[in-house]
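One structure is given below, encoded as structure tokens.
The values are calculated or read from the model by the stated rules, or taken from the named source; none is laboratory data. Remember, predicted model here, so these are calculated numbers, not experimental data. Cβ atoms come from the backbone with ideal geometry, glycine included; neighbour counts cover every protein chain shown. Note: areas computed on protein heavy atoms with side chains; ligands, DNA, RNA excluded. Shrake-Rupley method; radii C 1.70, N 1.55, O 1.52, S 1.80 Å.
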Amino acid sequence: MTKNIDWQNLGFSYIKTDYRFVARWKDGSWNEGELSTDHMITLHEGSTALHYAQQCFEGLKAYRCKDGSVNLFRPDQNAERLQKTCARLLIPAVPVNLFIRACKEVVKANQEWLAPYGTGATLYLRPFIIGVGENIGIRPAPEYIFTVFCCPVGSYFKGGMKPSNFLVSEYDRAAPNGTGGVKVGGNYAASILPHEQAAERNFADAIYLDPKTHTKIEEVGAANFFGITKDNKFITPDSPSILPSITKYSLLYLAKERLGLEAIEGDVYIDQLDQFAEAGACGTAAVISPIGGIQHGDNFHVFYSETEVGPITQRLYQELTGIQFGDIEAPEGWITKVELD
Ligand code: PLP
Ligand code: COI
């Protein structure tokens, strides 16, 4: 039985669901893992996750299709990105098949929390790994916990497919050769203050510039940036210190193969926003969120409109979400079905 939730008006908040998957690493290997009903974790006080941020995470969604079946969108890509993140933090990699099995088991066990097709809501999966166990020096943890929990979610940015405004932060979220390109909690710790500063001024989130020259857009706090130029090119920043967004790579492909646009990763100079007819933020949580305007110092630049969504952003949204919800044929390998019984 599907839960009785106001699916249309869900935001992006924690909702406790029934089961999470937990696997443990000790003495050189991951155990099989199992579902648990316990949403609390007890940790050693010296755990590296607590002191030295030896932890990382992922985010992906499960989608209810018209025929009742359930899709995961490119979970192999999340598994591979998690492995790259693990390598950067000397965390033992979670095998791809363990990652995908964990996600499937969590969705199946919590299927009552999956929004009905047509509501726009999804089941957000949050896989994460923490370094745990007795320790005090700066070194890899002796043990690790890999968990996947899930929450039903709606839009990340208020209004979803309505344009939001963003504020260029004076802070950096990541260093030039730091950890910006992997999904570690430390990057997000650095972004909490800039986000609050943006929110206090009624902006949806902060935008970060490149940490070396502060002249180019890097990304939004919780999503990558893209722009559509006035001559119909899809451009998204190319930088080693932004998170390689799976949604961004999917849009690069769809813009080229399905919309016939030139699609490129390149420099997006903050003082050259005039070249863009439309702009947006993209990510698993953000999906595609149109950017109305960007405040940079005293300058407020409006792209397509502060209230209307541009036509190409709209088409990209329809193509992406159509694929995710199973209404439009997906490129090969993009959809993994979850067996529900
Ligand atoms: N950039 C940041 C900082 C993020 O937190 C996310 C979310 O995962 C993204 C970009 C988008 O990445 P993806 O499309 O893989 O969800
Ligand atoms: C995601 O889109 O999955 C994210 O991780 C963004 C944010 C909620 C941290």
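Work out the P(r) tail for the range 19-152: percent of alpha carbon pairs separated by more than 19 Å, whole number. Before the final figure, lay out the partial values.
On the way: 4433 of 8911 pairs.
Here the long-distance tail beyond 19 Å is 50 percent of all Cα pairs in the range 19-152.
Over the Cα atoms of the range 217-341, compute the convex hull volume and normalise it per residue, giving Å³. The partial results should precede the final answer.
Values: hull volume 15.4 nm³, N = 125.
Spread over its residues, the Cα hull of the range 217-341 gives 123 Å³ apiece.
Given the convex hull over the Cα atoms of the range 72-137, what projected area results after averaging over all orientations, in nm²?
One quarter of the hull surface, i.e. the mean projection, equals 6.0 nm².
Straight-line reach from residue 108: which lysines have a Cα under 18 Å away, not including same-chain ones fewer than 8 places off?
Filter leaves 3, 16, 61, 66, 337.
Starting from the Cα coordinates of the chain, work out the convex hull volume and express it per residue in Å³. Present the calculation step by step, with values, prior to reporting the outcome.
On the way: hull volume 45.4 nm³, N = 341.
Output value, Cα hull per residue: 133 Å³.
Hey, what's the Kirkwood Rh for the range 127-208 if you take every pair of different alpha carbons, in angstrom?
Numbers: mean 1/r = 0.0641 Å⁻¹.
After inverting the pairwise mean of 1/r, the radius is 15.6 Å.
Averaged per residue, what accessible area in Å² does the range 1-121 show with a 1.4 Å probe, protein chains only?
Working: 6230 Å² over 121 residues.
Value returned for the range 1-121: 52 Å² of accessible area per residue.
Roll a 1.4 Å probe over the protein chains and send me the accessible area per residue for the range 230-341 in Å². Can you show the working numbers first?
Working: 5170 Å² over 112 residues.
For the range 230-341, the solvent-accessible area averages 46 Å² per residue.
Separation of the range 206-237 and the range 301-341 by C-alpha centroid, Å?
Here the two parts' Cα centres lie 20 Å apart.
With all protein chains present, how much of the accessible area of the chain (probe radius 1.4 Å) comes from carbon and sulfur, to the nearest whole percent?
Working: 7460 of 15610 Å².
In the chain, the share of accessible area belonging to carbon and sulfur is 48 percent.
Over the Cα atoms of the range 123-275, what radius of gyration and what Dmax do you get, in Å?
17.6, 58
How much net charge surrounds residue 317 when only other residues with a Cβ under 13 Å from its Cβ are counted (Lys, Arg +1; Asp, Glu -1)?
Working: positive: 162, 258, 315; negative: 278, 319, 327.
Net local charge, residue 317 excluded: 0.
Listed here are the pairs 104/248; 162/256; 84/183; which of them are more than 19 Å apart at the Cα? Provide the component values of the computation, followed by the final result.
Details: 104/248 24 Å; 162/256 24 Å; 84/183 9 Å.
Pairs exceeding 19 Å: 104/248; 162/256.
Going toward the positive end of the dipole of the range 122-181, with +1 on Lys and Arg Cβ and -1 on Asp and Glu Cβ, which of 168, 180, 146 do you reach last?
168
Using only the alpha carbons of the range 1-67, determine the length spanned along each of the three principal axes and report them from longest to shortest in whole angstroms.
Taking max minus min along each principal axis of the Cα atoms, the range 1-67 gives 45, 26, 20 Å.
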